[in-house]
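Below is one structure; the comments refer to it alone.
The values are calculated or read from the model by the stated rules, or taken from the named source; none is laboratory data. As the structure is a prediction and not an experimental result, all values here were calculated from the model. Counting neighbours? That spans all protein chains shown, and the Cβs are built from the backbone with ideal geometry, glycine included.
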Amino acid sequence: MSSSKYKAAYVYFCDVCPDIIFNKLKSCHSKAIKKCKEVNISFFPKESQVFLLNVPKAFHLLYSPDKAVNKETAMHTMAQQLVTLCATLDENPGVRYKKEPQDNAEELASLVEENLVQYYRMDEKDQFKTKTQTQLLILDRGFDPISTMVHELTFQAMIYDLLPIENDTYKYGTDNSTGKDKEAYLDESDELWVKVRHKHIAVVLEEIPKLVKEISSSKKETEGNISFSRLSDIMKKLPHVRKQINKQALHLSLAEDCMQKFKGKLEKLCKAEQDLALGTDAEGQKVKDHMRVLLPVLLNSDLDNYDKIRAILLYIFVENGTTQENLERLIQHVKIESNGDVLKNWTHLGVPIVPKSTQRKPARRDRSKEETFQLSRWTPVMKDIIEDYMENKLDAKDWPYCSECSATWNESGAVSARQKHNTMPRDERKNTSKLIIFVIGGITYSEIRCAYEVSQNSKSFQVIIGSTHIITPKTMLDDIKNLNKENVITTNE
């Protein structure tokens, strides 16, 4: 550092500064450094309740069958990133992991607990921070394969599944002034996006025209039923509310694009997927022969291979595996003989493929009385987990702790009065209760939606959900297909 050019330096580390670097700073430029601080932000806050570690390559490193792959470094990096998340939230959570289907969750949970102990011993503000009431749940991606493959019809999940969204950017229409494609960035700065992203596409299609009517200054223009083409005309005639109208136009275009894809070929497919995923039809009757549901999908020439592969996988998942002979026959149906790995490699995530598993599947919560759209009957396992946690129903045998059980965890959200740092009123404490969930190997938009839904319904919990990266069905299939290839890392969302 040149003393003639800079008077002082302020050094910030987004992660823990290694001792070797800290000692080097002290020996070289200690007088010139006015401030040296660890900020602990080595994670990416994707949304208000969603965080990412932005390490999609971890999927290949942790689930590859190649024994030569060194996953230890990736594990330590993720553990440290999760500790910085806890530090940012000012939490020292109880760390738990899902025992099955793989052992990555157990290994990562142990590393996180070790790093938390080390961090809070080093923390100059609170050297002996006791465990807070928050819990951190860690899972391997194989815990719910169905939610990674089924077509979701809620707005955000549907958009990222069906439309060519790159880096959260959607291109639509043409800007008359420049002749270039219009672009919109889908994030939480758009209030309308936040309002509709987790709603079913049918609800979105109803709400957007209503919102246009609300801000229209000409009631005659919006009387009666409004077609999408008429809405576009109305928008052009309202320059005084153009900014608000542009947002509606964006989401209207998104909804239209999704429905074009859906009406073209996916409506019947979605019905078959729901029957396969749940093992029951829309009337609640048990599906006696899953192959009868799958076969029309395989014979449908309008569907592309990816859609057929997704349906085959749902069939295998609901059957809890299949025979080698049947698997080969299914591979021939979709003509992927040279690349059957997209089906076979799920076994590396602990998902039964060949042979059939004799182990019974975990029981699901009864949702038969909940109101749902017929083509959206499947509920991600994630929602069961969150609700079980809230009701203190997570079995410690299936969800072991990595540290001694604290009194604060005896009941979900129940806080011990003996804890010095929890002296706030009971109602205020409830409002600050958190549950942190981390999925190794990617989370789906439907699982993200579950975290928001339960948080909104409970009012006393905030669910914070995160992963190495966000997956769509296509990126998940690409990652699965490449699992046994060397040094192949696909680009994920």
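Of the conditions (1) over 24 Å from the mean Cα position of the chain (by Cα); (2) under 19 Å from S376 (Cβ atoms), N246 clears all except one; give me its number. Answer for N246: the failing condition is (2). Scanning the range 126-136 turns up at least one residue that is among the hydrophobic types (A, V, I, L, M, F, W, C), within 29 Å of V351 (Cα to Cα), modelled with pLDDT of 90 or more and not in a helix (DSSP H, G or I).
I'm checking my understanding of the structure. Among residues of the range 30-81 that are assigned to a strand (DSSP E or B) and within 20 Å of the chain's Cα centre (by Cα), which one is farthest from E107 (Cα to Cα)? Out of the qualifying residues, it is E47. Number of residues in the range 304-348 that are charged (D, E, K, R) and either within 22 Å of K271 (Cα to Cα) or touching a residue at least 24 places away in the same chain (Cβ under 8 Å) (or both) equals 7. Which ones in the range 328-383 are outside any loop (DSSP other than H, G, I, E, B), surrounded by fewer than 15 Cβ atoms within 10 Å (Cβ to Cβ) and small (G, A, S)? Across the range 328-383, the qualifying residue is only S338.
Out of all the residues in the range 246-266, is one or more surrounded by 15 or more Cβ atoms within 10 Å (Cβ to Cβ) and within 21 Å of E319 (Cβ to Cβ)? Scanning the range 246-266, I find no residue that is surrounded by 15 or more Cβ atoms within 10 Å (Cβ to Cβ) and within 21 Å of E319 (Cβ to Cβ), so the answer is no. Of note, S110 does not satisfy the criterion of being polar (S, T, N, Q) and farther than 21 Å from P400 by Cα.
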